[in-house]
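Okay, structure first, notes after.
Where a number appears in this text, it was derived from the coordinates with a stated rule and is not lab data. Quantities reported herein were computed from a predicted structural model and do not represent experimental measurements. Here Cβ is always computed from backbone atoms with ideal geometry, including for glycine, and neighbour counts include all displayed protein chains.
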Number of protein chains: 2
Amino acid sequence: MYAIHANTIHNKWDSSLKPVISVKPGETITIDSREASDGQVVPSSTASDLLKLDFSIIHPLTGPIEIVGAEPGDALEIEFLNFQTKGWGWTGVLPGFGFLANEPYTTPIDLSGPALKIWKVENEATAKFGDLEIRIPSRPFPGVIGTGLATRGRFSTIPPRENGGNMDVKHLTKGAKLFLPVFVKGALLSLGDTHVAQGDGEVCGTAIEAPMEVTIKVSLHKNAGISQPIFETNSVNDSAFREYLAYPGIDPNLWEAAKKSIKGIISILSSFMTPVEAYMLASVAVDMKVSQVVDVPNWIVTAYLPKEIFPEDARSKISFLR
Amino acid sequence: MYAIHANTIHNKWDSSLKPVISVKPGETITIDSREASDGQVVPSSTASDLLKLDFSIIHPLTGPIEIVGAEPGDALEIEFLNFQTKGWGWTGVLPGFGFLANEPYTTPIDLSGPALKIWKVENEATAKFGDLEIRIPSRPFPGVIGTGLATRGRFSTIPPRENGGNMDVKHLTKGAKLFLPVFVKGALLSLGDTHVAQGDGEVCGTAIEAPMEVTIKVSLHKNAGISQPIFETNSVNDSAFREYLAYPGIDPNLWEAAKKSIKGIISILSSFMTPVEAYMLASVAVDMKVSQVVDVPNWIVTAYLPKEIFPEDARSKISFLR
């Protein structure tokens, strides 16, 4: 059983970094993770503070962790055992960043930000959107988790890659097993950018960003024959949700279809909150599925809004009819 | 309570068609639906029969149904009450059609077809893939359901549109409520292309295609203010599935990311069956989610393969490790 404090951080992928700890395969590690802004957003922050963000220090990753005996061609198996949140989290819209940044709207819907929500986080995350008290079940996962890259140099943490990295896949939560290829001796595993909850897509660019302790068990598969991340998960079907309102985005371009689906949900939610609040809520709670990619020439991406996040007496009012 | 036999079909959208029945809002209708090939595929068919398909008669739709009092600007609310399957279904790969038609592969993986599976359909659909007896829970829905188009003329049933049509959204199953805009007097509702089950994406171009009886209740919302399909559903979280194997497709193009995710699953399944069988299995059982669209420049679409479709003793062997 190992523990790594979040004072040992880096925020570029860099395989020349010295490991902060050396761990044998099969051992359990508790890793303290800062939130994505590295302390620039705190529970008392306001939206205008986001305009002062120093992007050069975002994504503080705890690590790298050396896995004893790991060599190129092997795979790490990372089992997510536990997540301990710390009472709060945040969701923000940073001007110029996000799926709908600078998106032309036919009606004057302003999604540009800055905008910020601070969440209270326990078994669920709670915050007010418009007049509605929203409750999102806590489903924590690391937005970023990856191994050291084969190529020497310092690489941005923003794009996900063959080493994993900033995948932002919401199902890498408790019970999941993530398999990552090893590219360098010792594997050099790091994680950070921890999220309390997220919708598929992370559309506004942030999830419920929060510091937390992550407990993982790391195993080693020699000469495993994988070239990119693969995972097993038991959290796809979320028993907290049953009733969904769904908006199909129909378009000959899959990217535009996805945009239409999210815009449809934002449009519906905007009767109950500001559009930028709706955008943030979509980012933390709305799922996106590729419904079909074969009905030439119009593909469909559908956005699913779970009704259970709303107060019980408000659910029947979340309507799209005039 | 109305019933419509499947001898009253059409296979183009055409708002000049005379309704086959006139139904008052609030009534229940049982609609008999042929399968998508209109009888060209039968339980004794073989793959080579697919080469003789006459595409001019596919998508026989039952209808159109006039909804009394429906006018342009209104919306139909269609509640799916029941689906009665008829013992069999089929899944096929038609040369030149499907998400991975003509896709270049680095290894010689042949997905071109023709290929055909005939399923036995009861509470679940069963068929053999390789040596494995596959069981897919029955989750029936109409691939095509739509209202008459505002524009006069005859229009292909293949692309989905503002009237719904060939949406192939798997969650339009029992319990779902679909809202469709009305463009012409009487609404002119038709449905067909019924599926026993489908994965998100319908990647090989067909689902488990099957004839069935569909019972719906149709309500009318006057002057509803919707311009495209929207639905409510309670079937997103499928309690039949818990354990998934998942493959993230990472690419700067969302379409390519989706392809990579499905190719990853096909590659894993191809240890247990032929690649074209894996392609068909992905089409009926693998879900696809848009994991993130904000981590510049690499987006992620993840494909999720439910392990419970495999025989219990085979599940632990479905591995991607060498």
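Here the dipole of chain B is about 180 debye; that uses its Cα centre as origin and unit charges on the Cβ of Lys and Arg (positive) and Asp and Glu (negative). Among B:117, B:222, B:18, sorting on how many other beta-carbon atoms sit within 10 Å of each Cβ, with the fewest leading, yields B:18, B:222, B:117.
Computed from the Cβ-Cβ distance with R0 of 25 Å, the FRET efficiency linking residue B:234 to residue B:126 stands at 0.45. Working note: Karplus 6.51/-1.76/1.60 with θ = phi - 60° gives segment B:116-125 the couplings 8, 10, 9, 9, 8, 10, 10, 6, 9, 9 Hz, where Gly and Pro are set to x. Taken over the C-alpha atoms, chain B has Rg and Dmax values of 19.8, 63 angstrom. Which of the residue pairs A:117/A:177; A:259/B:177; B:52/B:185; A:12/A:170; A:128/B:260; B:120/B:317 have a Cα-Cα distance greater than 28 Å in the structure shown? Check vs 28 Å cut-off fails for A:117/A:177; B:52/B:185; A:128/B:260.
Taking chain A as a Gaussian network of alpha-carbon nodes connected by springs under 10 Å, the highest mean-square fluctuation of the residues A:155, A:272, A:55 belongs to A:55.
Legend: calculated FRET efficiency, residue B:217 to residue A:103, from the Cβ-Cβ distance at R0 = 51 Å, rounded to 0.05, equals 0.85. In the Gaussian network model of chain B, springs joining C-alpha atoms below 10 Å, which of B:207, B:187, B:224 carries the largest mean-square fluctuation? For chain B, modelled as a Gaussian network with Cα springs under 10 Å, the answer is B:224.
More than 21 Å apart: what percent of Cα pairs in segment B:244-317 qualify? So the portion of pairs separated by more than 21 Å is 26 percent. Rounded to the nearest 10 degrees, the angle from helix B:254-269 to the longest Cα principal axis of chain B is 60 degrees.
Build a GNM of chain B with springs between Cα atoms under 10 Å apart, and of B:304, B:244, B:279 the one that fluctuates most is B:244. How much of the DSSP bridge set in the protein assembly as shown is antiparallel, in percent, rounded to the nearest 5? Among the beta bridges of the protein assembly as shown, antiparallel pairing accounts for roughly 90 percent. Taking the Cβ-Cβ separation of residue A:135 and residue B:5 as r and a Förster radius of 45 Å, what is the calculated FRET efficiency to the nearest 0.05? The value I calculate is 0.40. Ranking A:306, A:296, A:283 by Cα position along the charge dipole of segment A:213-322, where only Lys, Arg, Asp and Glu carry charges on their C-beta atoms, puts A:296 farthest toward the positive end. The slack in the chain from residue B:82 to residue B:110, taken as 0.36 nm per residue of separation less the alpha-carbon distance, amounts to 6.2 nm.
Please identify every one of the trypsin sites (Lys or Arg not before Pro) in segment B:262-317 that sits in a loop by DSSP and has no more than 12 other beta carbons within 10 Å of its own beta carbon. Hits after loop and neighbour filter: B:317. Axis of helix A:275-285 versus longest Cα principal axis of chain A: the two differ by about 40°, to the nearest ten degrees.
The share of C-alpha pairs in the protein assembly as shown whose separation exceeds 50 Å stands at 11 percent.
In this rough spin-label picture, where each label sits 7 Å from Cα along the Cβ direction, the residue A:71-residue A:53 distance is 4.2 nm.
Couplings 3J(HN,Hα) for segment B:309-322, derived from phi with the Karplus relation 6.51 cos²θ - 1.76 cosθ + 1.60 (θ = phi - 60°), are 6, 8, x, 4, 6, 9, 4, 5, 8, 6, 10, 10, 7, 5 Hz, where x marks Gly and Pro. When both segment B:134-209 and segment A:70-133 are represented by their alpha-carbon centers, they are found 33 Å apart.
Straight-line cross-link partners of residue B:86 among the aspartates and glutamates, defined as a Cα under 19 Å from its Cα and at least 8 positions apart when in the same chain: B:32, B:35, B:38, B:122, B:124, B:193, B:209, B:213. The label point for residue A:28 and the one for residue B:322, both projected 7 Å from the Cα toward the Cβ, are 3.2 nm apart. The overall shape of segment A:123-193 is prolate: from the C-alpha gyration tensor, with semi-axes ordered a ≥ b ≥ c, the ratio a/c is 1.5 or greater and a/b exceeds b/c.
When Rg and Dmax are taken over the Cα atoms of segment A:1-156, they come to 18.7, 58 Å.
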